[in-house]
Structure formats: C-alpha cells, structure tokens
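All remarks here apply to the structure that follows.
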C-alpha cells in the first residue's frame, strides 16, 4: 500500500511539474521585431504603401487602431505576414522581396504600439505568435466572422444558443473539428437573420457561424451557417 501511494504521489508530482513547465504562448507583447527592422521598412512604405495606407489615425486604409484589431485580433503574426505578402501592394501581391515584407510587418507592429525585441520578423520566428490585447485575448470585436457552439432554445421570437462557447475567430463558415466534443460555456447568444427552420433542433447541440454583432456577440450573431452536432446537448 505504501509503495502504491508513493508511486501515485510521484506521478502526481511529475504531472504538476509538466504543467508548471508548459510554455506560455508567445504574443506580440513579447517583442517579435527589432527597431532596426521597422526603420528599414519606412522608405518602402513611404514610396509604395502610403498611396493607399496610413500608419496613424483611423478610416479607410488605416493599418493601426480599430482597423488593425478588427482584422487581426486573435490571429497570429504569421497570418499578418501571409496577408501582407499575398495582397500588397494592392493588385500586385508578392512583387516585393521576401525580406521587405518581413520589414513591413515589423513597421506595422511598431506603429500599433507593440514593443521591439531582439530578433527580426521572419516566417519561422512568428509562427504561433498571437495578436491579442495586452491584458489577454478578451472578446472578439464586432463584425468579424466567428463560430460558437451551444444548445438551441427559443426566447420569445428569438432563437438563442445557451451554454454557448466564447466566439472563435474563423476564416470560413462551417463546423470545427472539435465542435461535437468541446466543453460548453456559460454564454447566451442570440441568432439573428436566421434563414433556416430550426424548430427540429431545439435542445440539441449546434455549431453556428456568422458575423458578430457587438463585441463578443453581445448583440447576437448574424448567422451564415447552422449545423446540428448531436441530438442532445451534452
């Protein structure tokens, strides 16, 4: 008995150590570009990018502030780099040297107030580096495509997902690989502009994709797709 207890304690201690040593996900607040790299990009930005974009202020063409957060919050710096490479200059994506795109992303990060670090932006260096507010991921902003999973109920004239998960940012509508088994949450999200008859789905687990109305879907979700996952809501 003592031996079994000692083995159990050792196993528990090892698990605690593994959990304690799990690396914290890297974010833009950890410094993923250098000041020199951002400075290198300024001339290119002024001569090529400034025709359509600006690094300060708000409005059409802004690469900072609300426009930046709406486009890239809860994405990665690798996603940002891929977007810039693929789409810029407008209509002529991929026409600049790879190193120039790296530098331009550094300038965008600097212009959004993220701190510099000791290493340059590069495709390998920014994989998995999350773009999140300084105090944590928080809720997704309004007007982004997201997916939620929850239990379908009717509230007055509205369809509502109860026990809903926090909205997850997605690139295209549809069911996520883990939707059928992921732990449910504690939110209620109203389904807006539903074009599908949902009466048969009451009390069932659904995966819903759509555009968030209000931060975190506070005013609901403008539905694009609805998929039944299980006949009961577990």
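Structural remarks
- All of 132, 105 fail the test of being touching a residue at least 60 places away in the same chain (Cβ under 8 Å) and in the same structural domain as residue 78 (by TED's automatic domain parsing), apart from 105.
- Output for region 158-172, where each listed residue is assigned to a loop (DSSP other than H, G, I, E, B) and surrounded by fewer than 16 Cβ atoms within 10 Å (Cβ to Cβ): 170, 171, 172
- Scanning region 183-230 for residues that are assigned to a loop (DSSP other than H, G, I, E, B) and out of contact with any strand residue (DSSP E or B) (no Cβ under 8 Å at 6 or more places or on another chain), we see that the one that is nearest to residue 154 (Cα to Cα) is 197.
- Any hit, region 173-181, residues being outside the structural domain of residue 82 (by TED's automatic domain parsing), under 19 Å from the mean Cα position of the chain (by Cα) and assigned to a strand (DSSP E or B): no
- Among the residues making up region 40-93, those that are free of Cβ contacts under 8 Å to residues at least 60 places away in the same chain, over 20 Å from residue 130 (Cα atoms) and in contact with a helix residue (DSSP H, G or I) (Cβ under 6 Å, 6 or more places away or on another chain) are 55, 58, 89, 93.
The values are calculated or read from the model by the stated rules, or taken from the named source; none is laboratory data. Just so you know, these numbers come straight off a predicted model, no measurement behind them. Note that we place each Cβ from the backbone using ideal geometry, even for glycine, and neighbour counts take in every protein chain shown.
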